[in-house]
Amino acid sequence: QFISVGGKYMKSCFGCSLDYLVTASDPVRSNRLRTLPSNEAHKIPKELWRIVDHLYRRGGLYEVELFVTDGYPDEVKGIMESLDCGEPFEKVSLHSMAETLVRFLSSLESRVFSAAILKQAHHSKTENLHSFCRLSLRQLNPLQYRVFTYVVSFIREILKHKEHNKLRSVLS
């Protein structure tokens, strides 16, 4: 006996490669999606820009415990849908948007920092951290480097407002 199972695959920006996302002209579920030539590609994924822009413009720099407090699952799902379809974001909590940012970065087809680079970091704890960081950044391709610096710049901006958002950087 066999049981037939059917379904419809819904493409998502979550799980895509950085290269695909920067060369996609429109949201991944758009009917008019086309691939941009490399000289016209976005500098970073538009989905990443939309999330960070929303957090920045809606007061995320001042939000208490951003990235510490979980978002609302239904809101996160709605944000993901908006990113995939290119729709405006509904009114959502900043914590849901921050959680979506973490999920987006975690779901990339390949990480911004490869497992090999992270393994080197684990083994070089006794070495000079500054030298290790410089060496690691040189191993990133230009797109990975731009994404990394974009995210780090945003986090640094958040930490400039630690008196309001109660966040702190911790090195362990």
### Query
Do you know which of the residues in the range 1-23 that are under 20 Å from Leu108 (Cα atoms), not basic (Lys, Arg) and not in a helix (DSSP H, G or I) is farthest from the chain's Cα centre (by Cα)?
Tyr9
### Query
Do we have Pro45 as of a type outside the set (D, E, K, R), free of Cβ contacts under 8 Å to residues at least 12 places away in the same chain and in contact with a helix residue (DSSP H, G or I) (Cβ under 8 Å, 6 or more places away or on another chain) here?
no
### Query
What do you reckon, is Arg138 free of Cβ contacts under 8 Å to residues at least 12 places away in the same chain and over 16 Å from the mean Cα position of the chain (by Cα)?
yes
### Selection count where residues are open to solvent by 100 Å² or more (accessible area, probe 1.4 Å) and modelled with pLDDT of 90 or more, scope the range 4-23
0
### Query
Out of all the residues in the range 108-153, which are at pLDDT below 80, basic (Lys, Arg) and either in a helix (DSSP H, G or I) or buried (at least 16 other Cβ atoms within 10 Å of the Cβ) (or both)?
Lys119
### Query
So which residues in the range 154-172 are of a type outside the set (Phe, Trp, Tyr) and assigned to a helix (DSSP H, G or I)?
Ile155, Arg156, Glu157, Ile158, Leu159, Lys162, Glu163, His164, Asn165
### Query
Taking Ser169, is it at pLDDT below 95, surrounded by fewer than 14 Cβ atoms within 10 Å (Cβ to Cβ) and either among the acidic types (Asp, Glu) or closer than 25 Å to Leu33 by Cα (or both)?
no
## Note on the structure
From the option list Leu105, Leu129, Leu94, single residue qualifying as more than 23 Å from Leu55 (Cα to Cα) and of a type outside the set (Asp, Glu) is Leu129
### Summary
In the range 151-172, anything touching a helix residue (DSSP H, G or I) at 6+ places or on another chain (Cβ under 8 Å) and more than 19 Å from Ser106 (Cβ to Cβ) is listed as Glu157, Asn165, Leu167, Arg168, Ser169
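The values are calculated or read from the model by the stated rules, or taken from the named source; none is laboratory data. Since this is a predicted model, take the numbers as computed values, not measurements. Neighbour counts are summed over all protein chains in view; Cβ atoms, including those assigned to glycine, are modelled from backbone coordinates with ideal geometry. Only protein heavy atoms, including side chains, enter the accessible area calculation; ligands, DNA and RNA are left aside. Shrake-Rupley method; radii C 1.70, N 1.55, O 1.52, S 1.80 Å.
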